[in-house]
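One structure below.
The values are calculated or read from the model by the stated rules, or taken from the named source; none is laboratory data. Quick caveat: nothing in here was measured; it's all calculated off a predicted structure. Reconstructed Cβ throughout: ideal geometry from the backbone, glycine too, with neighbour counts over all protein chains shown. Side chains included, ligands, DNA and RNA excluded: accessible areas come from the protein's heavy atoms. Shrake-Rupley method; radii C 1.70, N 1.55, O 1.52, S 1.80 Å.
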Amino acid sequence: MSDKIFVLGEKTPAPTSYSPEVLFPIARAVGRASIDSNTSQLPMFGVDLWHIYELSWLNADGVPQVFVGRLSVPCESTFITESKSLKLYLNSLNLTRFKTVEEARDVIQSDVSKVVNIPVSLDVLEVDDPSMAGSALDGDCLDRHSDVVGAVKPAKEILRSQDDSEVERTWYTHKLRSLCPVTAQPDWASVQVRWCGPNIDERTLLQYLLSFHTHQEYHEQCLERIYCDLWSTFAPRSLAVQAFYTRRGGIDITPFRASDQSASPRSRMPRQ
């Protein structure tokens, strides 16, 4: 895969024919190596959900078929897919004929699975499917601490416990912002933390999350940094973190990591 062309940040025309070769892999190990924790030793399970809003191809008669999709990539995959390359790949299907929806789905699943080096799944949904409507987050909104500002850069040393008690809480903020590591363009997200462990000082949690404001890293890597920093700092009984990034180019990414292998992610939020 080393001979693939990296297209992020480049002016790239949409392919006019089926082009699986444009899919570009990025090794998860690169982002994980930069986190100040031994990620392979942590209890970390989860998935990256890609919500696709421009999923289209032709049927056997040449009639356009239009859907939305939910692509699930396990966090155990060796690679992630660069988002612009996924958009270009999906665009390359617009003039491709498939006899059935199942045939198209199977081709997409197979192509992406080869790139990320693990089986992925794709739900092909009608454009008005209610499961894509999104819902509000539950828990306590950290944004009520309106005077808190972020640190210069993410560092787990920012995080503090409030007292010696153990709590079961859910927190969220709509103010997560990070930067693309290639183009430095901003990416916005809501992030939710489900927690059972030491009583975190909410203000330091928000300060930590706001410190990503000028941090350059891919969505999935930012989410794993948050998860690993929380786990290595507090060693909670359970932890789940999910980031709901707003869409770019007809795709949004919603990574989810949890200490419980049976934990399930939310689908999406209305802002996405």
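Identify all residues within the stretch 48-63 that are more than 11 Å from the chain's Cα centre (by Cα) and touching a residue at least 24 places away in the same chain (Cβ under 8 Å); write none if there are none.
Initially, the stretch 48-63 is screened for residues more than 11 Å from the chain's Cα centre (by Cα), giving 52-63.
Within the stretch 48-63, Ile52, Tyr53, Glu54, Leu55, Ser56, Trp57, Leu58, Asn59, Ala60, Gly62 qualify.
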Open item on the list: Between a residue in the stretch 73-89 that is among the basic types (Lys, Arg) and any residue that is open to solvent by 30 Å² or more (accessible area, probe 1.4 Å), which pairs come within a Cβ distance under 6 Å, given they are 6 or more apart or on different chains?
Closed with: Lys87/Gly249
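For the stretch 29-47, indicate whether the set of residues that are touching a Pro at 6+ places or on another chain (Cβ under 6 Å) and open to solvent by less than 40 Å² (accessible area, probe 1.4 Å) is non-empty. Before you say what the answer is, go through the steps one by one.
From the stretch 29-47, those touching a Pro at 6+ places or on another chain (Cβ under 6 Å) are 47; that's our starting set.
In the following step, the residues that additionally are open to solvent by less than 40 Å² (accessible area, probe 1.4 Å) were identified as 47.
Scanning the stretch 29-47 turns up at least one residue that is touching a Pro at 6+ places or on another chain (Cβ under 6 Å) and open to solvent by less than 40 Å² (accessible area, probe 1.4 Å).
Going through the stretch 182-197 one residue at a time, which ones are surrounded by 17 or more Cβ atoms within 10 Å (Cβ to Cβ) and either among the β-branched types (Val, Ile, Thr) or farther than 18 Å from Asp229 by Cβ (or both)?
At the first step, the residues of the stretch 182-197 found to be surrounded by 17 or more Cβ atoms within 10 Å (Cβ to Cβ) are 187, 189-195, 197.
Passing the criteria: Asp187, Ser190, Val191, Val193.
Quick check, is Thr78 open to solvent by 50 Å² or more (accessible area, probe 1.4 Å) and closer than 22 Å to Ala240 by Cα?
Numbers: open to solvent by 50 Å² or more (accessible area, probe 1.4 Å): yes; closer than 22 Å to Ala240 by Cα: yes.
The answer is yes for Thr78.
Which of the residues that make up the stretch 201-218 are within 22 Å of Val47 (Cα to Cα) and crowded, with 22+ Cβ neighbours inside 10 Å? Spell out how you get there, then give the answer.
At the first step, the residues of the stretch 201-218 found to be within 22 Å of Val47 (Cα to Cα) are 209, 212, 216-218.
Residues satisfying the conditions are Leu209, Phe212, Tyr218.
Yes/no per residue for (1) within 23 Å of Ala258 (Cβ to Cβ); (2) surrounded by 14 or more Cβ atoms within 10 Å (Cβ to Cβ); (3) among the acidic types (Asp, Glu); (4) touching a helix residue (DSSP H, G or I) at 6+ places or on another chain (Cβ under 7 Å):
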position: Leu90; (1), (2), (3), (4): no, yes, no, no
position: Lys156; (1), (2), (3), (4): yes, yes, no, yes
position: Leu159; (1), (2), (3), (4): yes, yes, no, yes
position: Asn199; (1), (2), (3), (4): yes, yes, no, no
Open item on the list: Being part of a helix (DSSP H, G or I) and touching a strand residue (DSSP E or B) at 6+ places or on another chain (Cβ under 9 Å) is the filter here; which residues of the stretch 208-225 pass it?
Closed with: Leu209, Leu210, Phe212, His213, Thr214, His219, Glu220, Gln221, Cys222, Leu223, Glu224
- [ ] Kindly indicate the residue of the stretch 28-72 that is assigned to a strand (DSSP E or B), among the β-branched types (Val, Ile, Thr) and out of contact with any helix residue (DSSP H, G or I) (no Cβ under 6 Å at 6 or more places or on another chain) and also nearest to Glu102 (Cα to Cα) among those meeting that condition.
- [x] Val66
- [ ] Name every residue in the stretch 73-113 that is closer than 25 Å to Gln185 by Cα and assigned to a strand (DSSP E or B), in order of residue number.
- [x] Val73, Phe79, Ile80, Thr81
Open item on the list: Residues to consider are Arg177, Arg268; find the one that is open to solvent by 10 Å² or more (accessible area, probe 1.4 Å), among the basic types (Lys, Arg) and touching a Gly at 6+ places or on another chain (Cβ under 8 Å).
Closed with: Arg268
